[in-house]
Every structure is written in structure tokens, then in C-alpha cells.
Ligand code: IPE
Ligand code: IPE
Ligand code: MG
């Protein structure tokens, strides 16, 4: 079965999951971490090389202060608890995003968690925190310019976050919304998009299977015609490029 090499997930719906149960939103985020644990294992078992998840967007700072603080606390607790089991499962953790807004303590906790999994090589897990797709691109363009390079797509791409994971093949969003919300933009230029109405805490390995089955049936054309992709030659003479 044709599988994505890089799967990205926008984990949305924690707040609504909690609200439906008359619980504080943070309970939804806690359940969200548990869902993520199961999904990471399921993706690892599929042999997918990279999984990127959106944990906190650069826009999420606009939420009420107590939710932001509680979210970061849940994040720190998860880092401390999950790093070793991830390493044991062969999963290398990368925390991707702008760290300049975080406390020294949080930055150190992030470094420790990354170091603990640094030897793992079965799968890359990119947890995107204070990440924004536009930030990633602007940052890369700035670095390319500082290196004296012309702003070509190739030169910008060299400086993007997560070069180890390559282009996103499949992007999943839960929670019923059909938007990208400034998640991975450049690397997802040709991603297949799959949306689920399930709220993130209700999502699970079976839903991953469903998304992967759907992905396997997609014909990825990358600008070509269907006939070209299927190897039926229809190329006109003199129109060769690839
Ligand atoms: C996604 O769930 C998790 C984060 C953004 C951190 P939400 O908190 O956005 O849940 P809804 O969309 O309000 O239900
Ligand atoms: C996207 O979800 C960010 C994360 C999942 C971390 P949001 O819930 O913040 O997205 P919008 O604001 O509804 O587009
Ligand atoms: Mg949301």
C-alpha cells in the first residue's frame, strides 16, 4: 500500500470535547495528550518516517492567559514523562518552532527531552510549538539572505525547519474545520488533505487507518496529467521537460 513518508496532523477540537462534557477546556487538552500517545504509536507501527503534529500555534498566544499557561504546563509535564518511552520506541523527538518566547526553564526542558531521544532512528516526531508556517518561511528567507544566497525556492527550502522530514504527503485535520491555520505551509504545498469531524480526543488508530487507506487511493499528479502519471505516454514531440 502506498504510504505517506511525512504525515502532519492538526490536532483540533480539545476545547469543544471538554465543553460538551461541561469540563474546563484544559481537561480536553489533557485528553488530547493521551490521544496523541496512541496515535504516535500507531503511526510508528506503520513504518511512516515522519509525523509532525501541531501542539501550539503562533496565534494561540491570543487565547486567554490562563488557558495558555495551563496548556504550556500540560506540555512541560508531557515532555518530562514521554521522552524516555519515545526513545525506547525508537522515536526521535524534535520540538519545532520559535523558542524565543519561552522561559529558560521551558527551553531547557525541551532540550533535555530532545537529547534523551537523540539516538532513536525509527521515526521522527516533530511537535510544533509556537510554530507558524509563515514564520518558518520568513525565517528561512532571512537565513538565505544572510548567507548571501538569492531568494530561489531551492535556497529558501534549505533553511526551513524540519529538513529531515521533507515534504508533507498527507495532512490530517480533526475537529471539523477545513483550514490549515498557518501550520506547515511550504512543505505541504502538495500534501493531500484529509479532514475528520471527530474531535481530537475522540480520534484514534482506526481513524489513522481510514486516512491512510484514503491516501493510498489518491493519484498524486504534481502538475502532470493522469495519463503521464499512469505511464501512458501522451507527450507531444518537442515538449520535454522531465
Ligand atoms: C486544539 O484544540 C488544541 C490547541 C489549539 C492547543 P482547541 O483548543 O483548538 O479545541 P477547539 O477548537 O476549541 O474545540
Ligand atoms: C490550530 O488550531 C492550532 C493547533 C491545533 C495547535 P486552532 O484551534 O488554534 O485553529 P483556528 O484558530 O480555529 O483556525
Ligand atoms: Mg480549535
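The values are calculated or read from the model by the stated rules, or taken from the named source; none is laboratory data. Keep in mind that this is a model prediction, so the values were computed, not measured. Neighbour counts are summed over all protein chains in view; Cβ atoms, including those assigned to glycine, are modelled from backbone coordinates with ideal geometry.
Only residues that are within 14 Å of ligand 3 (Cβ to nearest atom) and outside any helix (DSSP H, G or I) were counted across the range 10-33, and they come to 4. One residue is enough: does the range 134-148 have a residue meeting the conditions within 16 Å of ligand 2 (Cβ to nearest atom), surrounded by 20 or more Cβ atoms within 10 Å (Cβ to Cβ) and within 25 Å of residue 49 (Cα to Cα)? Checked the range 134-148: at least one residue is within 16 Å of ligand 2 (Cβ to nearest atom), surrounded by 20 or more Cβ atoms within 10 Å (Cβ to Cβ) and within 25 Å of residue 49 (Cα to Cα). The lone criterion from (1) touching a residue at least 24 places away in the same chain (Cβ under 8 Å); (2) closer than 18 Å to residue 52 by Cα; (3) surrounded by 12 or more Cβ atoms within 10 Å (Cβ to Cβ) left unmet by residue 159 is number (1). Restricting the range 126-162 to residues that are in a loop (DSSP other than H, G, I, E, B) and either more than 19 Å from residue 6 (Cβ to Cβ) or over 18 Å from the mean Cα position of the chain (by Cα) (or both) leaves a set whose member that is modelled with the lowest pLDDT is 151. All of 36, 7 fail the test of being more than 9 Å from ligand 1 (Cβ to nearest atom), part of a strand (DSSP E or B), crowded, with 17+ Cβ neighbours inside 10 Å and within 17 Å of the chain's Cα centre (by Cα), apart from 7. Out of 206, 197, one residue alone is exposed (fewer than 12 other Cβ atoms within 10 Å of the Cβ), assigned to a helix (DSSP H, G or I) and without any contact (Cβ under 8 Å) to a residue 24 or more places away in the chain. It is 206.
For the range 163-190, a tally of residues being within 16 Å of ligand 2 (Cβ to nearest atom), in contact (Cβ under 8 Å) with a residue 24 or more places away in the chain and part of a loop (DSSP other than H, G, I, E, B) returns 11. Scanning the range 209-232 for residues that are under 14 Å from residue 7 (Cβ atoms) and part of a loop (DSSP other than H, G, I, E, B) yields a count of 1. Applying the criterion of being within 16 Å of ligand 3 (Cβ to nearest atom) and outside any helix (DSSP H, G or I) to the residues of the range 39-60, the residue that is surrounded by the fewest Cβ atoms within 10 Å (Cβ to Cβ) is 59.
Given the structure, is residue 94 within 14 Å of ligand 2 (Cβ to nearest atom) and crowded, with 18+ Cβ neighbours inside 10 Å? No: the conditions fail for residue 94.
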